[in-house]
Amino acid sequence: MAVIGFLDQVSAELRKGSEVMTHTSLRLLLGGCLALVIASPPVAAEELRIGLIVPVTGPFAQVGKDMADGLNMYLAETSSDFAGAKVKLIIEDSQAKPDTAVTRAKKLTLQDKVHILLGGVLATEGYAIAPVSTNDKTVYISSVAASDDLTQRDLPKNPYFIRTGWSSSQPHHALGQWACDQGYKTIVTIGADYAFGHEAVGGFQKVFEDCGGKIVQKIWPPLGTKDFGPFIPTIKGDADAVFTLMVGPMVLQFPKQLRGAGYKKPIVGGGTSYDEFALPFMGDEVIGDVSALQYSAALETPKNEAFVKKYRAKYGKVPSYFSETNYTSGQLINEVMKGAKGNWPGAEPFIKMMAAVKIDQSPHIARRSASSRVCPGPLQPRKCIGWATQARRGIK
């Protein structure tokens with residue numbers, strides 16, 4: 001504005017009939033214009049505000065830390081610069097409670113004016129945050145919250161939603177087929193009694209029964225159960241195996257208590273039951289158990305080995321899937337911003353651009369993409385063959 005005003009002064013001087021504009025005064029005025037242009041501060045680079053909703057306190061705090069650590073490692077590698085846009089990360093504590101997650105999400109959208117909501121741990125948090133995203137027209141990227149219906153029946157209601165992780169039932173379809181392939185005919189399921197537990201068990205049951213198996217019993221301990229004493233004696237002893245889906249502190253307690261009670265048959269575990277956030281703290285009772293998930297720190301690929309090495313050097317532990325999926329989410333967001341030349345494209349264009357992105361730097365597969373309908377990654381059963389012991393000893 002100062003330059004425009006100065007040029008107006010030049011124009012006024014030239015129009016004055018009573019005064020003569022000398023070459024000298026004209027040079028002085030134009031020189032002043034140039035000085036003002038040079039002295040004007042540069043236009044600030046676009047700021048990309050990301051609100052990460054994770055449990056910082058409560059029983060799921062370690063999971064939340066893994067999520068934040070994964071994203072922060074990627075931000076450190078890029079100096080928080082996404083194609084010229086400076087990333088401002090704002091972390092809010094959901095305590096893994098849906099109501100609290102909603103409060104934090106609204107604060108991020110209305111007060112902090114974030115461009116992107118990221119995170120949520122429990123499926124119930126995902127179901128709670130998605131309507132905030134829709135109402136406030138803010139992108140919501142689910143890196144962990146695996147709520148099935150957000151990319152199935154509820155997808156039309158959530159135009160600003162996209163996931164970079166997985167859906168609850170997805171890896172358990174593969175595990176159901178694997179159980180059939182082993183010759184199992186009857187299985188008892190025991191899963192945490194909330195949305196994720198029911199969806200994961202449902203995915204396993206669908207495929208297992210489609211290929212000839214039968215779920216003969218379902219047991220639902222409340223979320224957060226630590227003592228499984230009332231539930232273990234009720235497990236039907238004539239079933240071929242148990243399928244278990246646990247989360248948080250439940251993960252450590254259930255296999256220990258089940259084996260301690262003398263159960264000798266196979267245990268087939270949901271992905272979160274044997275993730276690396278828990279494996280280093282498990283005993284040899286889990287060796288031989290089988291689970292399925294889209295990521296394991298034990299994957300022997302050059303990219304994953306490099307990722308694990310960097311993560312361990314930075315944080316002193318192996319990365320969990322909670323770490324990897326948020327690291328990769330950072331990569332995918334960065335790719336969209338590169339396509340937009342560092343400028344925020346708007347919520348709807350961002351979703352379209354992100355759904356089309358493919359990267360080959362992801363730790364766990366050769367190419368990875370985000371999608372509003374299906375999630376990426378190879379889904380194959382994995383077996384704990386000495387991995388718990390190795391993880392505790394720091395071999396891996």
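Which one of these does Lys214 not meet: (1) over 22 Å from Glu125 (Cα atoms); (2) crowded, with 19+ Cβ neighbours inside 10 Å?
All conditions are met except number (2).
If a residue has to be over 30 Å from Lys317 (Cα atoms) and at pLDDT 50 or above to count, how many in the stretch 20-73 make the cut?
Initial filter on the stretch 20-73 (over 30 Å from Lys317 (Cα atoms)): 20-47.
Those left that are additionally at pLDDT 50 or above: 45-47.
Result for the stretch 20-73: 3.
Quick one: which of Ala68, Ala85, Ala96, Ala123 is over 17 Å from the mean Cα position of the chain (by Cα) and touching a residue at least 60 places away in the same chain (Cβ under 8 Å)?
Of the residues listed, the single one that is over 17 Å from the mean Cα position of the chain (by Cα) and touching a residue at least 60 places away in the same chain (Cβ under 8 Å) is Ala85.
Tell me the residue from Ala370, Ala356, Ala366 that is among the small types (Gly, Ala, Ser), exposed (fewer than 15 other Cβ atoms within 10 Å of the Cβ), assigned by TED's automatic domain parsing to the domain that holds Arg153 and modelled with pLDDT under 90, please. Please lay out each step first, then the result.
Details: Ala370 fails: exposed (fewer than 15 other Cβ atoms within 10 Å of the Cβ); Ala356 fails: modelled with pLDDT under 90.
So the residue among Ala370, Ala356, Ala366 that is among the small types (Gly, Ala, Ser), exposed (fewer than 15 other Cβ atoms within 10 Å of the Cβ), assigned by TED's automatic domain parsing to the domain that holds Arg153 and modelled with pLDDT under 90 is Ala366.
Among the candidates Leu108, Leu122, Leu118, which residue alone is crowded, with 24+ Cβ neighbours inside 10 Å, in the same structural domain as Val63 (by TED's automatic domain parsing) and either among the charged types (D, E, K, R) or over 15 Å from Ala347 (Cβ atoms) (or both)?
Working: Leu108 fails: either among the charged types (D, E, K, R) or over 15 Å from Ala347 (Cβ atoms) (or both); Leu118 fails: either among the charged types (D, E, K, R) or over 15 Å from Ala347 (Cβ atoms) (or both).
Selected residue: Leu122, the only one of Leu108, Leu122, Leu118 that is crowded, with 24+ Cβ neighbours inside 10 Å, in the same structural domain as Val63 (by TED's automatic domain parsing) and either among the charged types (D, E, K, R) or over 15 Å from Ala347 (Cβ atoms) (or both).
Give the number of residues within the stretch 304-328 that are over 15 Å from Leu279 (Cβ atoms), part of a helix (DSSP H, G or I) and small (Gly, Ala, Ser).
Number satisfying all stated conditions: 2.
Considering only the stretch 242-251, I want to know if a residue exists there that is in contact with a strand residue (DSSP E or B) (Cβ under 9 Å, 6 or more places away or on another chain), in a strand (DSSP E or B) and hydroxyl-bearing (Ser, Thr, Tyr).
Yes, the stretch 242-251 contains at least one residue that is in contact with a strand residue (DSSP E or B) (Cβ under 9 Å, 6 or more places away or on another chain), in a strand (DSSP E or B) and hydroxyl-bearing (Ser, Thr, Tyr).
Quick test for you: out of Val201, Val188, Val216, pick the one residue that is closer than 28 Å to Gly58 by Cβ, touching a residue at least 24 places away in the same chain (Cβ under 8 Å) and in the same structural domain as Ala278 (by TED's automatic domain parsing). Lay out the reasoning, then the answer.
Working: Val188 fails: closer than 28 Å to Gly58 by Cβ; Val216 fails: closer than 28 Å to Gly58 by Cβ.
Testing whether each residue is closer than 28 Å to Gly58 by Cβ, touching a residue at least 24 places away in the same chain (Cβ under 8 Å) and in the same structural domain as Ala278 (by TED's automatic domain parsing) leaves just Val201.
Consider only pairs whose beta carbons are under 7 Å apart and that are at least six residues apart or on different chains; among these, list those whose first residue lies in the stretch 258-286 and is more than 20 Å from Ala192 (Cα to Cα) and whose second residue is among the basic types (Lys, Arg) and not in a loop (DSSP other than H, G, I, E, B).
Sorted first by the residue in the stretch 258-286, then by its partner, the pairs are Pro280/Arg392; Gly283/Lys256; Glu285/Lys256; Glu285/Arg259.
Taking the residues in the stretch 258-284 that are in a helix (DSSP H, G or I) and modelled with pLDDT under 90 as candidates, determine which candidate is nearest to Gln170 (Cα to Cα). Spell out how you get there, then give the answer.
The first filter runs over the stretch 258-284 and keeps only residues in a helix (DSSP H, G or I), leaving 258-260, 271-274, 279-281, 284.
Those still in the list that are modelled with pLDDT under 90 too: 271-274, 279-281, 284.
Values: Gly271: 10, Thr272: 13, Ser273: 15, Tyr274: 16, Leu279: 22, Pro280: 25, Phe281: 26, Asp284: 28 Å.
So the residue we want is Gly271.
So which residues in the stretch 263-277 are closer than 17 Å to Gly203 by Cβ and among the hydroxyl-bearing types (Ser, Thr, Tyr), if there are any at all?
The answer is Thr272, Ser273, Tyr274.
Taking the stretch 239-283 only, how many residues are of a type in the set (Gly, Ala, Ser) and in contact with a Gly (Cβ under 6 Å, 6 or more places away or on another chain)?
First pass over the stretch 239-283, keeping only residues of a type in the set (Gly, Ala, Ser): 239, 241, 248, 260-262, 269-271, 273, 278, 283.
If we keep only those that are in contact with a Gly (Cβ under 6 Å, 6 or more places away or on another chain) as well, we get none.
Residues meeting the conditions: 0.
Among the residues of the stretch 169-195, which ones are closer than 19 Å to Ser147 by Cα and surrounded by fewer than 21 Cβ atoms within 10 Å (Cβ to Cβ)?
Matches in the stretch 169-195: His173, Ala174, Asp193, Tyr194.
Could you run through the stretch 219-233 and say how many residues are of a type in the set (D, E, K, R) and within 29 Å of the chain's Cα centre (by Cα)? Before you say what the answer is, go through the steps one by one.
Within the stretch 219-233, the subset of a type in the set (D, E, K, R) is 226-227.
Going one step further and asking which of them are within 29 Å of the chain's Cα centre (by Cα), we end up with 226.
The number of residues fulfilling the criteria is 1.
Can you tell me which residues in the stretch 139-157 are surrounded by fewer than 22 Cβ atoms within 10 Å (Cβ to Cβ) and either among the polar types (S, T, N, Q) or part of a strand (DSSP E or B) (or both)?
Gln152
The values are calculated or read from the model by the stated rules, or taken from the named source; none is laboratory data. Because the structure is predicted, anything quoted here is derived from the model rather than measured. Because the Cβ atoms are built from the backbone with ideal geometry, glycine has one as well, and the counts that use them run over all protein chains shown.
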